[in-house]
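Nothing in this text is a laboratory measurement; each read-out follows from the coordinates by a stated rule. Please read all numbers here as calculations on a predicted model, not as lab measurements. Quick reminder, even Gly has a Cβ in these numbers, built from the backbone with ideal geometry, and neighbours come from all protein chains shown.
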Amino acid sequence: MAGKFVLKQDRAGEFRFNLVASNGQVIASSEGYKTKTAALNGIDSVKRHAPEASTDDQTA
């Protein structure tokens, strides 16, 4: 089973999403969005850009 995006509305009324791995662990969490449409656009952006994202290792 592939991972999934889980969209929820928090107590403050903002929309947030988590990227959840197939084992149920949250591997990424979003910022709060004022509208559901904005949160869905955020999910779409992650889907489009994550495969092309580079790694910036700043631990050294």
Which option, (i) 18, 39, 20, 16, 7, 0; (ii) 21, 44, 28, 6; (iii) 25, 62, 13, 0, is the value of P(r) over Cα pairs in 10 Å bins from 0, in percent that was calculated from these coordinates?
(ii)
Among the lysines, which have Cα under 18 Å from the Cα of Lys34 when same-chain residues fewer than 8 positions away are ignored?
Lys8
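In debye, nearest 20: dipole of the chain around its Cα centre with unit charges on the Cβ of K, R (+) and D, E (-)?
Computed charge dipole of the chain: roughly 380 debye.
Within the range 1-54, report the GluC sites (Glu not before Pro) that DSSP leaves as loop and that have at most 12 other Cβ atoms within 10 Å.
Details: sites: Glu14, Glu31, Glu52; in loops: Glu14, Glu31.
Within the range 1-54, the qualifying GluC sites (Glu not before Pro) (loop, at most 12 other Cβ atoms within 10 Å) are Glu31.
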Going residue by residue through the range 19-33, the Karplus relation 6.51 cos²θ - 1.76 cosθ + 1.60 with θ = phi - 60° gives ³J(HN,Hα) values, rounded to whole Hz and with x marking Gly or Pro, of 9, 10, 6, 5, 8, x, 7, 6, 10, 7, 10, 8, 6, x, 10
I'd like the orientation of helix 36-49 relative to the chain: the angle between its Cα long axis and the longest Cα principal axis, in ° from 0 to 90, rounded to 10.
10 degrees
Using DSSP loop states and a limit of at most 16 other Cβ atoms within 10 Å to flag trypsin sites (Lys or Arg not before Pro), what is the longest stretch of the chain containing no flagged site?
35-60
If we count every other residue with Cβ under 14 angstrom of Arg16's Cβ, Lys/Arg +1 and Asp/Glu -1, where does the sum land?
+1
With each run of n ≥ 4 DSSP H residues scored as -39500 (n - 2.57), what mean residue ellipticity at 222 nm is computed for the chain after dividing by its residue count and rounding to the nearest 500 deg cm²/dmol?
-7500 deg cm²/dmol
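Only Cα pairs under 8 Å and at least 6 apart count here; give the relative contact order of the chain as a rounded whole percent. Show your work: numbers first, answer last.
Working: 68 pairs, mean separation 14.4, N = 60.
Result for the chain is 24 percent.
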